[in-house]
Amino acid sequence: MNEHAHPHSMSERADELEEKKMHEMERIITKSTIAHLMDGAVKMDTAPEMKARHPGRYFLMGDDPRLPPMPERPTLVDYFRRRFASTAHLLQSATHALKGGQPEKVVLACLLHDIAIVSFIRCDHGYWGAQMIEPYVDEEVAWAVKTHQALRFFPDESVGYGYPDLYKELFGSDYQPEPYIVEEYKRARAHKWYMTSRLICVNDIYSFDPTAKVNLDDFVDIIGRNFKQPKEGLGLDNSPSAHMWRTILWPTRFL
Ligand SMILES: [Fe+2]
Ligand SMILES: [Fe+2]
């Protein structure tokens, strides 16, 4: 038999089998309800429905093969490089604070202030971001990240901070912050750490030189000194916010 003329040589058949095995091993990837809500649909991926659509396959319970692989014990820097969708704004803010001679605490707060937006969720990003980092940073840094969300809407001429033009552009000039933001601002204004959070706003400018060279490498030492990296890996530890990091690590796990 002319093996070359035959459509299924031994090696081709082996490849086919291998591929079949791989397909069998492919897991069913689900979207969480919040992702559907974000698509404007109140619905969920239910197990029976998904199983019927993908007979013989199991649900994904770990790494999503579509995402960049993460190391066994991921660090904050690994999340920066492989899970944060954009880091330019964070690096530019932190660079601005660093060049302005701010203490490392403020530089770190600037570096982390919008991590919720770039990796997780926009709504109430200050609160989410603060919870993500709370177990690993100075209390003051987490507090500042939480409250910058509210302070951003209120000027402080003493440090030359006005209402951002960008916000007029983004939300319309008649936008008024909701009462919970106003209340948060009032509490923050009277707080002993007010200025730390305000300094995030001062350094949080979107019109920085877009050609400015920024590099995460410049902040690795500051992270090392100010962010308590858990030895088990960020998210694989037992901190009160480890589950949030795990969700970013494995966003499509079925459970
Ligand atoms: Fe922000
Ligand atoms: Fe920001």
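The values are calculated or read from the model by the stated rules, or taken from the named source; none is laboratory data. Every value quoted in this text rests on a predicted model; they were computed, and no experiment measured them. FYI the Cβ positions are ideal-geometry reconstructions off the backbone, even for glycines, and counts take in every protein chain you see. Calculation scope for accessible area: heavy atoms of the full protein, side chains included, ligands and nucleic acids excluded. Shrake-Rupley method; radii C 1.70, N 1.55, O 1.52, S 1.80 Å.
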Vicinal HN-Hα couplings computed from phi for segment 47-63 (Karplus, 6.51 cos²θ - 1.76 cosθ + 1.60; Hz; Gly/Pro x) | 4, x, 5, 5, 5, 5, 6, 10, x, x, 10, 9, 7, 5, 10, x, 4
Which of Val106, Ile181, Ser11 sits closest to the plus end of the dipole of the chain, meaning its Cα is farthest towards the positive end, when Lys and Arg get +1 and Asp and Glu get -1 on the C-beta?
-> Ile181
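Does the chain come out rounded, prolate or oblate by the C-alpha gyration tensor, with a ≥ b ≥ c the root eigenvalues, rounded set by a/c under 1.5 and, if not, prolate when a/b is larger than b/c and oblate if not? Display every interim value, and only then the final one.
On the way: a/c = 2.45, a/b = 2.03, b/c = 1.21.
Prolate, since a/c reaches 1.5 and a/b exceeds b/c.
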Under-5 Å amide H pairs with Phe59, H placed in peptide plane, nonlocal only = Ile28
Scan the chain and report its longest stretch carrying no GluC sites (Glu not before Pro) that are both in a DSSP loop and have at most 11 other Cβ atoms within 10 Å.
-> 73-255
What does the helix-only formula give at 222 nm for the chain: each DSSP H stretch with n ≥ 4 adding -39500 (n - 2.57), the total divided by the residues, and the result rounded to the nearest 500 deg cm²/dmol?
-> -14000 deg cm²/dmol
Under unit Cβ charges (Lys, Arg +1; Asp, Glu -1), what dipole magnitude, rounded to 20 debye, does the chain have relative to its Cα centre?
-> 440
Cα-centre dipole for segment 95-193 with unit charges at Cβ (Lys and Arg positive, Asp and Glu negative), debye to 20 = 120
Tell me, what is the percent relative contact order of segment 1-160, built from C-alpha pairs under 8 Å that lie six or more residues apart?
-> 12
Cα-centre dipole for segment 188-255 with unit charges at Cβ (Lys and Arg positive, Asp and Glu negative), debye to 20 | 340
Whole-number accessible area per residue in Å² for the chain, which is evaluated in the context of all protein chains at 1.4 Å | 59
Decide, for segment 191-241, between rounded, prolate and oblate: order the square roots of the alpha carbon gyration tensor eigenvalues as a ≥ b ≥ c, take rounded if a/c falls under 1.5, and otherwise choose prolate if a/b is larger than b/c, else oblate.
-> oblate
If Lys146, Lys231 are ordered by their accessible area, calculated over protein heavy atoms with a 1.4 Å probe, which sequence runs from highest to lowest?
-> Lys231, Lys146
Long-range HN-HN contacts of Tyr161 with modeled amide H, under 5 Å = Asp156
Residues meeting the amide H criterion for Thr75 (H placed from the backbone, H to H distance under 5 Å, 5 or more places apart or on another chain) are Leu234
For segment 69-82, in residue order, the Karplus 3J(HN,Hα) values (coefficients 6.51, -1.76, 1.60; θ = phi - 60°; whole Hz; Gly and Pro = x) are x, 9, x, 4, 10, x, 10, 4, 5, 4, 5, 4, 7, 10
